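See below for the structure under consideration.
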Amino acid sequence: MSADTKALKKNNNEPLSRESLAELYKAVREFSHTLAEPLEIEDYVVQSMPDVSPTKWHLAHTSWFFETFVLSKALPDYKPPNPQYAYLFNSYYVLAGERHLRPKRGLISRPTVEETYSYRNHVDEGLLQFMENAGDKEWRDLASVIEIGIHHEQQHQELILTDIKHVLSENPLHPEYINKKKNGRTANTTQELRWVAFEGGIFNIGHQGDGFGYDNEYPNHKVYLNPFKLGSRLITNAEYMEFIEDGGYETPEIWLSEGWSSVETNGWIAPLYWQKQNGQWTEFTLSGLRKVAPDEPVTHVSYFEANAYARWAGSRLPTESEWEAAASNLEKDGNFVENLNFHPLSLDKSSNGNPLKQMFGDVWEWTQSSYSAYPGYKTPPGALGEYNGKFMCNQMVLRGGSCATSKSHIRKTYRNFFPADARWQFMGIRLAKDGE
Ligand SMILES: [Fe+2]
């Protein structure tokens with residue numbers, strides 16, 4: 001196993017079989033095309049803010065990843081369609097070479113969208129050829145890297161959706177990514193928020209080695225938790241509107257200092273994509289502008305807003321260990337991207353079973369945990385070691401996945417992370433309290 005392979009895949013599982021990996025590869029690559037299908041050609045190139053990348057860039061960058069970390073190592077005579085693509089489509093891998101400036105990705109009109117799809121085909125042909133013909137040693141060296149590349153592509157599929165949402169939201173014509181006026185459930189289905197109590201004790205946190213995991217989920221370790229309670233469901237738009245109407249955005253004492261600065265600097269008065277029209281809150285969705293549905297989970301709030309809401313509500317946000325301990329016995333069910341809703345759904349009133357609802361899918365749940373290394377974590381060597389470890393500063397952990405996340409991508413141990421003022425992902429709120 002190469003150093004780069006060890007970098008991200010810390011468990012000792014055998015890689016998937018060639019056939020399984022090839023099928024998974026083809027399905028995931030194809031799903032990127034499915035997500036891009038509703039777009040017009042002009043949509044592919046726009047970058048609406050530095051955090052957002054154009055769809056064309058995502059499609060090319062994920063191909064560059066396979067080209068750089070698999071094909072260039074696997075096939076000695078591999079030739080990229082254009083050697084300059086490495087400069088254009090490397091994201092942040094310093095050890096992989098010089099790269100183009102992130103905020104300027106929207107200025108790149110060439111390669112064209114058609115050429116970008118040709119690039120994808122070129123890489124796919126190489127990958128499938130390698131998967132079919134590799135010798136055993138080459139396969140052992142690179143199968144795990146291919147698996148990482150597949151998960152990497154799924155991460156970028158989520159970004160394709162959240163980035164194009166931001167792009168389209170900037171257009172006064174309020175274009176629809178997809179017409180889904182009837183998604184969601186009927187109104188007034190909110191279940192009363194209950195508190196689900198958990199006993200304290202010692203819990204195993206982190207990946208145990210069963211299936212794929214990123215390096216930042218390792219090593220599995222023990223954590224002592226005091227008794228705690230989690231809110232039985234996500235916070236709804238109606239509940240968040242109460243916070244707004246009660247002056248939540250005008251009450252500095254419930255905000256973190258940096259959060260209050262963000263409110264003042266950015267003029268925040270509501271979640272991203274909300275605007276008031278004729279006294280009524282509307283929100284931009286991937287199906288255009290519509291009235292805010294009271295029973296849907298609130299989304300596109302920053303950590304600062306989630307934290308202020310929790311303080312206003314007399315509670316707090318969960319730690320990531322509390323979230324993971326609470327999720328340990330749950331099925332991984334929820335509103336994921338495969339459901340093609342592209343929006344969080346209100347809770348089904350008939351939903352029964354486990355008292356904890358909406359833990360997976362719908363919206364990423366902000367935790368009060370800073371994104372940092374687990375005890376015993378070592379930054380892996382090589383360029384692929386830059387994937388997660390170097391971001392362990394000034395970001396907060398989110399758990400559970402969203403309506404833009406693939407079900408096959410998310411895990412109970414999965415640690416997403418974003419800066420505290422980020423709002424353009426599907427980010428929402430679950431409350432927690434200290435137990436007795
Ligand atoms: Fe990437």
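Structure summary
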| read-out | value |
| --- | --- |
| Of all residues in the stretch 44-89 being more than 21 Å from the chain's Cα centre (by Cα) and polar (S, T, N, Q), the one that is nearest to the ligand (Cβ to nearest atom) | 68 |
| Residue in the stretch 29-43 that is under 17 Å from the mean Cα position of the chain (by Cα) and open to solvent by 60 Å² or more (accessible area, probe 1.4 Å) present | no |
| Strands (runs of 3 or more DSSP E) contained in the stretch 189-259 and holding at least 3 residues modelled with pLDDT of 95 or more and within 28 Å of residue 421 (Cβ to Cβ) | 228-231 |
| Residue list for the stretch 207-229, filter: hydroxyl-bearing (Ser, Thr, Tyr) and within 16 Å of residue 328 (Cβ to Cβ) | 224 |
| Filtered residues of the stretch 332-355 (kept if surrounded by fewer than 19 Cβ atoms within 10 Å (Cβ to Cβ) and either touching a strand residue (DSSP E or B) at 6+ places or on another chain (Cβ under 8 Å) or of a type in the set (S, T, N, Q) (or both)) | 332, 333, 339, 350, 351, 352, 354, 355 |
| Qualifying residue in the stretch 104-126 (condition: within 15 Å of the ligand (Cβ to nearest atom), not in a helix (DSSP H, G or I) and not polar (S, T, N, Q)) | no |
| Neighbours by Cβ (under 9 Å, 6+ apart or cross-chain): first from the stretch 75-93, in a loop (DSSP other than H, G, I, E, B); second among the basic types (Lys, Arg) and within 16 Å of the ligand (Cβ to nearest atom) | 90/99; 91/99; 91/102; 92/99; 92/102; 92/390; 93/99 |
| Residue match in the stretch 255-272 (condition: buried (at least 17 other Cβ atoms within 10 Å of the Cβ) and touching a His at 6+ places or on another chain (Cβ under 6 Å)) | yes |
| Residue 87 being open to solvent by 70 Å² or more (accessible area, probe 1.4 Å) and of a type in the set (Phe, Trp, Tyr) | yes |
| Per-region count, the stretch 221-248, residues touching a residue at least 40 places away in the same chain (Cβ under 8 Å) and either closer than 30 Å to residue 384 by Cα or open to solvent by less than 30 Å² (accessible area, probe 1.4 Å) (or both) | 15 |
| Options 166, 151, 174: the member that is within 16 Å of the ligand (Cβ to nearest atom) and either open to solvent by less than 70 Å² (accessible area, probe 1.4 Å) or at pLDDT 95 or above (or both) | 151 |
| Boolean, residue 32 is in contact (Cβ under 8 Å) with a residue 24 or more places away in the chain and either within 21 Å of residue 144 (Cβ to Cβ) or within 15 Å of the ligand (Cβ to nearest atom) (or both) | yes |
| Hey, residue 92 under 15 Å from residue 155 (Cβ atoms), in contact with an Asp or Glu (Cβ under 8 Å, 6 or more places away or on another chain) and within 16 Å of the ligand (Cβ to nearest atom) or not | yes |
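The values are calculated or read from the model by the stated rules, or taken from the named source; none is laboratory data. Please read these numbers as outputs of a predicted model, since none were measured by experiment. Because the Cβ atoms are built from the backbone with ideal geometry, glycine has one as well, and the counts that use them run over all protein chains shown. Keep in mind that these areas ignore ligands, DNA and RNA; they rest on the heavy atoms of the full protein, side chains included. Shrake-Rupley method; radii C 1.70, N 1.55, O 1.52, S 1.80 Å.
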